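The next block holds one structure in the form of structure tokens; read it before the comments.
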Amino acid sequence: MTGVAPEQARAVPPGGTAAALVFEGPGEMRALCRALDWSATPLGPVEGWPQSLRTVARTLLGSRSPMFLFWGPELVQLYNDAYRPSLGGGGRHPRALGMRGREFWTDIWEVIGPQIEQVMTTGVPTWHEDQYLPIERNGRLEDVWWTYSYSPAYDDDGSVGGTLVICQETTPRVLADQDRERLLAELRVERARLAEVFRQSPSFLAVLRGPDNVFELVNDAYEQAIGRGRAVVGKPLFEALPETRGQGFDEYLRRVRETGEPLVFRDLPVLLERMPGAPLEERFIDITYLPLAESGPAGEPIRDAVIAHGTDVTEQVHVRREVERARDRADRLLALTAALAATGTPGEVAGVVVAQGVAAAGAATGMLALRAPHTGEDGEAEMAILGHSGLGGEIAARYARVPVSAPVPTAASVRTGEAFFLEERPALFAAFPAMPHVWESLGAHALATVPLVVGGEAVGAMSFTFTAPRRFPPEDREFFLAAGRQAAQALERARLAEAEHTARLRAEALQRVTAALAGAQTLADVGRVFSRELTRLIGADTAWVGAVTPDGDAVEALGWSGYAEGEAEGWRRLPLDAGIALTDAVRSGRPQWWPTREALADAYPERAALIRSLPQDGVTVLPIPGAGGQPEGDAVRAVGGIVVGFRTPQRFDADTRAFFLALAQQCAQAMARAGAYQAEQAARAEAEAANRAKSQFLATMSHELRTPLNAIGGYAELLEMGIRGPVTDTQREDLHRIQQSQRHLLGLINEVLNYARLETGTVRYELEDVPVRETVAAAESLVAPQARSREVQLEVAECPSDLAVRADPEKLRQILVNLLSNAVKFTGARGRVEVSCAREEATVRVVVRDTGIGIPADKLEAIFDPFVQVRSDLTRTHEGTGLGLAISRDLARGMAGELTAESTTGSGSAFTLTLPAA
Ligand code: ADP
């Protein structure tokens with residue numbers, strides 16, 4: 001504290017002249033200055049101030065620039081209205097006015113103290129721009145910036161009396177600057193981040209400008225999308241990406257530029273050469289073309305650039321397409337199942353599988369080959385193409401049949417049971433190097449081959465080729481495998497159905513051949529019928545049947561079929577040592593199976609020329625097994641041989657062989673039967689010859705016997721008539737007995753002769769329509785005298801006059817006479833014999849009923865046997881041979897009729913003759 005004491009200062013009256021002059025004017029600071037008791041400050045009353053101070057103070061208070069003055073050695077403070085806000089609130093103003101600087105600026109005195117000191121001592125001003133001088137203001141330490149200068153304020157004597165501070169608080173500007181800086185920094189960061197985001201954006205982005213669509217900007221994604229190593233910025237579209245010419249992009253850009261409207265595309269295909277020299281690759285993009293909003297110098301809108309923004313959706317499109325393909329494949333598998341259900345034969349199955357497989361997989365060719373069930377004698381297992389598509393005739397013919405060991409995909413698949421999926425040509429050529437010409441000619445780049453497995457065994461394979469490289473993802477492979485499984489199942493089903501069908505056909509054929517052979521009576525018949533049926537029913541083209549001659553030296557033709565005129569003539573008799581297939585088969589008893597004529601020619605090279613001249617290709621030679629002979633192994637003792645020829649090559653599988661052996665067996669049986677029949681015929685002829693001799697003998701005998709018997713009868717009659725002299729009663733009685741015996745013997749001989757004729761079958765029937773009534777009447781009249789003499793009543797019931805039978809009239813009368821005379825004979829006096837007749841449907845019955853002695857039940861059948869007579873007293877009294885009924889029944893049956901008897905012992909008998917009605 002310097003200068004005047006406060007009491008002194010207060011003693012100076014306010015509003016003194018000097019003060020009034022210095023602080024005159026408006027404003028708060030002037031008012032405060034006027035009010036302040038300056039005498040209480042080191043400056044003392046205003047009247048005591050030097051002129052220079054008054055001038056500075058007055059200038060300061062009148063300035064609108066913020067100013068502050070430190071005056072005197074105590075650096076007493078004075079400031080103006082413009083400076084006042086820099087002190088803020090919080091009691092610093094107006095406390096600062098008149099205070100010593102060191103006491104007031106305690107917070108920053110370290111900084112400003114030396115600066116003021118410098119001005120006060122040296123008079124050199126200072127300049128501070130945006131100096132950071134935080135000050136206590138508004139009750140807290142505030143960040144404040146100042147641009148200020150400390151300048152010397154000269155005293156009246158020219159020395160530096162104070163320091164004038166002309167200052168400007170720059171806090172708002174500094175802060176604003178700082179804000180801007182920060183903002184700018186932030187913006188830079190943000191922009192860098194944006195650029196990074198933009199650059200790294202998964203979406204691609206490019207800005208193309210001007211009519212040539214020059215790339216102005218592209219991001220990483222864009223560069224990635226167009227392919228590596230292509231610097232496009234600064235180049236026109238078609239120079240940067242020449243392959244896009246003609247794909248419409250320039251047109252899209254032009255449209256957007258012209259209309260200012262965005263364009264949006266989804267799944268837009270674009271062909272890109274993504275690697276230098278690589279083939280064009282199809283990519284898919286979702287892309288939006290937006291006009292870039294810009295304005296010219298005068299603010300006018302410019303539409304010169306286009307933002308192309310989008311994403312590469314190739315993978316999604318592929319995935320979507322794959323999903324669609326998967327659905328499509330599922331549909332196709334279903335369709336395949338449905339189509340296969342309608343197939344009947346393996347050929348149909350193959351056709352369906354190949355056609356559907358090719359369509360479903362988008363293949364260029366397809367084929368299905370099956371392992372042949374059996375091959376020839378020599379043969380290795382083979383595979384045969386069952387169906388194909390797109391192979392071309394030449395390849396199909398060349399690979400129609402291949403050994404299972406062949407280096408082709410289907411055979412390899414059958415051998416290994418594995419599938420092949422070869423995606424590119426090098427893999428294809430490496431896997432199947434033996435057939436590059438095939439791959440070339442099919443244009444094949446990729447291949448899929450899957451085995452067809454039935455019951456764990458690969459029975460075939462199907463194969464597809466593709467004219468472009470092709471990936472086979474797992475789903476694709478699964479599709480092929482599934483199709484393969486279906487095909488295998490369908491094939492198995494068809495094969496079983498076909499086998500069953502064949503078996504049925506063969507069983508039928510065998511039956512029909514057997515039936516046809518049943519009528520064959522001679523070996524020649526068998527040969528003719530069997531060879532004919534082989535070509536007619538079995539489908540052979542030629543057939544030849546021969547039998548071993550009785551001497552066993554040769555095979556002789558029994559019959560043949562299917563050969564051209566004269567073609568088989570040379571084979572009428574083939575010596576067993578001829579050394580040809582037939583005689584070898586007969587000698588060995590072993591069948592031969594030749595799939596082709598070449599196979600046969602190879603086996604018989606010296607006969608190759610003849611074999612090649614024959615119409616047959618596939619041929620089997622079968623021995624005809626003889627009866628009884630023990631077969632050795634599969635060989636039989638042959639009684640003949642069969643040659644069955646086909647114009648096409650044949651596969652004699654196990655079933656086919658069994659079938660042909662069964663046929664040969666049938667032929668053998670027919671031959672045995674025919675042999676037996678022929679032998680029997682011979683025996684019968686012999687027997688007939690013997691019979692004829694017997695009849696001859698009997699005829700002779702009867703003639704020889706009857707002649708003397710007739711003589712006996714004649715002479716006895718002469719004696720009885722008394723021509724040789726008178727006859728006594730006793731003599732007459734004897735003569736009667738002689739005559740009776742003579743008649744009996746004669747009848748006996750006649751009947752024996754009759755029966756002998758019947759037996760030998762020499763009786764001839766002359767059938768005609770015979771009226772029954774007349775015949776019965778004639779027989780009755782013959783028996784009537786006998787009946788009368790025995791007092792038997794003979795009655796004939798009224799026979800319908802139109803009743804007629806189909807019979808030999810003589811034989812019919814013979815039967816009736818026999819029945820009537822028996823009835824009379826075995827009926828005592830006063831008995832009755834009754835004849836009745838009636839028609840019954842197609843037959844006529846004639847019944848002879850008597851009231852005689854009857855026949856015991858156990859004899860009812862026996863009486864029809866020759867020489868059978870029922871022993872009884874009555875019988876003994878009657879003459880007879882026991883042949884009558886036997887002859888009668890034979891005669892009845894000989895005319896398709898029948899003779900039966902009914903009887904009750906003691907009360908009578910009834911004999912019924914039935915004959916066909918006329
Ligand atoms: P034959 O009359 O010559 O003895 P048949 O063959 O005519 O021979 O008859 C065989 C036997 O059947 C007779 O001997 C007789 O015993 C018996 N017989 C045939 N007809 C009659 C009949 N009507 N009544 C009873 N017995 C009969």
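Residues being within 11 Å of the ligand (Cβ to nearest atom) and either within 15 Å of residue 755 (Cβ to Cβ) or modelled with pLDDT of 85 or more (or both): count how many of those fall in the range 871-898.
Residues meeting the conditions: 10.
In the range 246-271, how many residues are farther than 16 Å from residue 283 by Cβ and in contact with a helix residue (DSSP H, G or I) (Cβ under 9 Å, 6 or more places away or on another chain)?
Residues flagged as farther than 16 Å from residue 283 by Cβ and in contact with a helix residue (DSSP H, G or I) (Cβ under 9 Å, 6 or more places away or on another chain) within the range 246-271 amount to 5.
Looking at 357, 393, 366, 387, which is the one that is over 25 Å from residue 473 (Cα atoms) and crowded, with 16+ Cβ neighbours inside 10 Å? Steps first, answer last, please.
Numbers: 357 fails: over 25 Å from residue 473 (Cα atoms); 393 fails: crowded, with 16+ Cβ neighbours inside 10 Å; 366 fails: over 25 Å from residue 473 (Cα atoms).
The conditions single out 387.
For residue 413, indicate whether it is hydroxyl-bearing (Ser, Thr, Tyr) and loosely packed, with under 15 Cβ neighbours inside 10 Å.
Working: hydroxyl-bearing (Ser, Thr, Tyr): yes; loosely packed, with under 15 Cβ neighbours inside 10 Å: no.
In short, no.
Got at least one residue in the range 794-815 being of a type in the set (S, T, N, Q) and in contact (Cβ under 8 Å) with a residue 40 or more places away in the chain? Before you say what the answer is, go through the steps one by one.
Going residue by residue through the range 794-815, those that are of a type in the set (S, T, N, Q) are 801, 814.
Checking which are in contact (Cβ under 8 Å) with a residue 40 or more places away in the chain leaves us with 814.
Yes - at least one qualifying residue is present in the range 794-815.
Residue 658 passes all but one of (1) surrounded by fewer than 16 Cβ atoms within 10 Å (Cβ to Cβ); (2) in contact (Cβ under 8 Å) with a residue 12 or more places away in the chain; (3) within 30 Å of residue 594 (Cα to Cα); which number fails?
Condition (2) is where residue 658 drops out.
Give me the pairs: first residue in the range 896-913 and free of Cβ contacts under 8 Å to residues at least 60 places away in the same chain, second residue part of a strand (DSSP E or B) and within 9 Å of the ligand (Cβ to nearest atom), beta-carbon distance under 6 Å, and six or more apart or on different chains, which are they?
901/911; 902/910; 903/909
Just to verify a result, which residue in the range 849-858, among those that are farther than 19 Å from residue 789 by Cβ and not in a loop (DSSP other than H, G, I, E, B), is nearest to the ligand (Cβ to nearest atom)?
Initial filter on the range 849-858 (farther than 19 Å from residue 789 by Cβ): 849, 854-858.
Checking the rest, the ones that are also not in a loop (DSSP other than H, G, I, E, B) come to 849, 857-858.
On the way: 849: 9, 857: 13, 858: 13 Å.
Here the answer is 849.
I'm told residue 97 meets every condition in (1) closer than 19 Å to residue 151 by Cβ; (2) assigned to a loop (DSSP other than H, G, I, E, B); (3) modelled with pLDDT of 90 or more except one. Can you identify the failing condition by its number?
(1)
Can you work out which of the residues in the range 590-616 that are in contact with a Pro (Cβ under 8 Å, 6 or more places away or on another chain) and crowded, with 20+ Cβ neighbours inside 10 Å is modelled with the highest pLDDT? Let's see the steps before the verdict.
Looking only at the range 590-616, we keep the residues that are in contact with a Pro (Cβ under 8 Å, 6 or more places away or on another chain), and these are 590-591, 595-596.
Filter once more, so that each one left must be crowded, with 20+ Cβ neighbours inside 10 Å: 591, 595.
Details: 591: 92, 595: 89.
Residue satisfying both the conditions and the ranking: 591.
May I ask you to list the residues in the range 879-912 that are over 15 Å from residue 860 (Cα atoms), among the hydrophobic types (A, V, I, L, M, F, W, C) and touching a helix residue (DSSP H, G or I) at 6+ places or on another chain (Cβ under 7 Å)? Write out each step before concluding.
Taking the range 879-912 first, the residues over 15 Å from residue 860 (Cα atoms) are 879-881, 887, 890-897.
From the residues that got through so far, the ones that are among the hydrophobic types (A, V, I, L, M, F, W, C) too are 887, 891-892, 895-896.
Listed by number, the residues that qualify are 887, 891, 892, 895.
I need the full set of residues from the range 248-286 which are in a helix (DSSP H, G or I) and touching a residue at least 60 places away in the same chain (Cβ under 8 Å), in order please.
Kept after step one, since they are in a helix (DSSP H, G or I), are these residues of the range 248-286: 249-259.
If the condition is that a residue be in a helix (DSSP H, G or I) and touching a residue at least 60 places away in the same chain (Cβ under 8 Å), then no residue fits.
What are the residues in the range 792-807 that are touching a Lys or Arg at 6+ places or on another chain (Cβ under 6 Å) and within 16 Å of the ligand (Cβ to nearest atom), if any?
Within the range 792-807, just 793 meets the criteria.
Name the residues in the range 493-551 that are more than 47 Å from the chain's Cα centre (by Cα) and in a strand (DSSP E or B), would you? Full working, then the answer.
Step one: filter the range 493-551 for residues more than 47 Å from the chain's Cα centre (by Cα), giving 519-528, 546-551.
The answer is 546, 547, 548.
Got a sec? Which of 456, 460 is crowded, with 16+ Cβ neighbours inside 10 Å and either at pLDDT below 95 or closer than 24 Å to residue 281 by Cα (or both)?
So the residue among 456, 460 that is crowded, with 16+ Cβ neighbours inside 10 Å and either at pLDDT below 95 or closer than 24 Å to residue 281 by Cα (or both) is 460.
Out of everything in the range 813-837 that is crowded, with 17+ Cβ neighbours inside 10 Å and of a type in the set (Lys, Arg), what residue ends up being nearest to the ligand (Cβ to nearest atom)?
The residue in question is 825.
Could you check how many residues of the range 456-483 are of a type in the set (Asp, Glu) and part of a strand (DSSP E or B)? Can you show your working first?
Looking only at the range 456-483, we keep the residues that are of a type in the set (Asp, Glu), and these are 457, 475-476, 478.
Narrowing the set further to residues that are part of a strand (DSSP E or B) leaves 457.
Adding up the residues that qualify gives 1.
Please work out if residue 764 is closer than 30 Å to residue 796 by Cα and exposed (fewer than 13 other Cβ atoms within 10 Å of the Cβ). Walk me through how you get there before you give the answer.
Details: closer than 30 Å to residue 796 by Cα: yes; exposed (fewer than 13 other Cβ atoms within 10 Å of the Cβ): yes.
For residue 764, the condition - closer than 30 Å to residue 796 by Cα and exposed (fewer than 13 other Cβ atoms within 10 Å of the Cβ) - is met.
Go through the residues of the range 31-39 one by one and say whether even a single one is within 26 Å of residue 143 (Cβ to Cβ) and at pLDDT 90 or above. Steps first, answer last, please.
Taking the range 31-39 first, the residues within 26 Å of residue 143 (Cβ to Cβ) are none.
No.
Going through 414, 453 one at a time, which residue ends up being out of contact with any Ser or Thr (no Cβ under 9 Å at 6 or more places or on another chain), among the β-branched types (Val, Ile, Thr) and not in a helix (DSSP H, G or I)? It would help to see each step written out before you state the result.
Numbers: 414 fails: not in a helix (DSSP H, G or I).
Exactly one of 414, 453 is out of contact with any Ser or Thr (no Cβ under 9 Å at 6 or more places or on another chain), among the β-branched types (Val, Ile, Thr) and not in a helix (DSSP H, G or I), namely 453.
Let me confirm something: among 840, 810, 861, which residue is out of contact with any Gly (no Cβ under 9 Å at 6 or more places or on another chain), over 18 Å from residue 781 (Cβ atoms), acidic (Asp, Glu) and away from the ligand (no atom under 15 Å from the Cβ)? Break it down stepwise before answering.
On the way: 810 fails: over 18 Å from residue 781 (Cβ atoms); 861 fails: away from the ligand (no atom under 15 Å from the Cβ).
The conditions single out 840.
The values are calculated or read from the model by the stated rules, or taken from the named source; none is laboratory data. As the structure is a computational prediction, the values presented were derived from the model and not from experiment. Every residue, glycine as well, gets a Cβ built from its backbone with ideal geometry; the counts of neighbours run over all protein chains shown.
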